[in-house]
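First comes the structure, then the notes that go with it.
The values are calculated or read from the model by the stated rules, or taken from the named source; none is laboratory data. Given the structure is predicted, the values throughout are model-derived calculations rather than measurements. Note: ideal-geometry Cβ built from the backbone for every residue, glycine included; neighbour counts use all protein chains shown. Please note that ligands, DNA and RNA were not included when accessible areas were found on the heavy atoms of the full protein model with its side chains. Shrake-Rupley method; radii C 1.70, N 1.55, O 1.52, S 1.80 Å.
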Amino acid sequence: MKTDYQKYLEQIDMIQKQEKKPTLLLHSCCGPCSSYVLECLSSFFDITVLYYNPNIYPEEEYIRRRDELQRFLNEIGIMKFVELPYRKESFDEAVFGLENLGERSERCYQCYSFRMRKAAEYANSHHFDYFTTTLSISPYKNSHFINEIGKKLEEKYSVSYLYSDFKKKGGYQRSLVLSQLHHLYRQDYCGCIYSKIERERHLQK
């Protein structure tokens, strides 16, 4: 039986009773995916957004998504933003030998894992109370994979992972509405060169 990670997320209601908001490092892949997640979590946490996505290809696309995210954060008044270096070779190493696998495969699992690991490392070294990622907002992402990785990283780095499935309870639909309201650029492929090729092949059919 699959775990309903939305139930874990609902436990943050207890956090609201604390006098001081706990700190949360939120790994973000882009502005549209961050929109609902930030709306959902901002009242509970003191959030710092982390942009670490060496999987995105080409670099111009990486920059466009980063700039859109920063514009959105400025609009909603979230000023705590961290960007870690764009090193495409780190993604290539993470998925070596898995390049020909499709979406939602082991290739994606390894992509989630290496990005979330960097977030956990940063959260640990900078003494955050929690870390999580926006990845589960997408209906194309495997939330079981994401939360399984989060659990392992929580144990390894001794920083609490916020379990979630942000797409549930209308979360994905709300992200579409917020994207329209803020005129956010919505990409048509996940990010890596392989997802870009797959998207182009699909359009040619």
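Annotations for the structure displayed:
- Convex hull volume per residue for the range 113-200, taking Cα atoms only, in Å³: 121 Å³
- 5 angstrom amide H check on THR133, placed H, neighbours 5+ away: HIS27
- Contact order normalised by residue count of the chain, Cα under 8 Å, 6+ apart, percent: 29 percent
- Normalised contact order of the range 140-205, rounded percent, pairs of Cα under 8 Å and 6 or more residues apart: 16 percent
- Kirkwood Rh, Cα atoms: Rg over Rh of the range 99-144: 1.05
- Local net charge near GLU61, Cβ-Cβ under 13 Å (Lys/Arg +1, Asp/Glu -1): +2
- Violating pairs (Cα-Cα greater than 24 angstrom) within the set LYS20/LYS141; LYS21/LYS80; LYS152/LYS196; LYS118/LYS156; LYS20/LYS118: LYS20/LYS141; LYS152/LYS196; LYS20/LYS118
- In the chain, the DSSP-assigned H stretches of four residues or longer account for a calculated mean residue ellipticity at 222 nm of -15500 deg cm²/dmol, using -39500 (n - 2.57) per stretch and the full residue count as denominator.
- Helix 31-41 axis, angle to the chain major axis (alpha carbon atoms, nearest 10°): 20 degrees
- Just checking the listed ones, GLU59, GLU19, GLU103: in the Gaussian network model of the chain with Cα springs under 10 Å, the one fluctuating most is GLU19.
- Gaussian network model of the chain, springs between alpha carbon atoms under 10 Å - residue of SER113, SER138, SER105 with greatest fluctuation: SER105
- In the context of the full set of protein chains, the chain has a per residue accessible area of 52 Å² (1.4 Å probe).
- Gain in span if fully extended, ILE197 to ASP13, counting 0.36 nm per residue against the direct Cα distance: 62.1 nm
- For the chain, the alpha carbon positions stretch 54, 38, 36 Å along the principal axes, listed from largest to smallest.
- In degrees, nearest ten, helix 143-157 long axis to first principal axis of the chain (Cα): 60 degrees
- Estimated at the nearest 10 Å², the accessible area of GLU39 is 90 Å² with a 1.4 Å probe.
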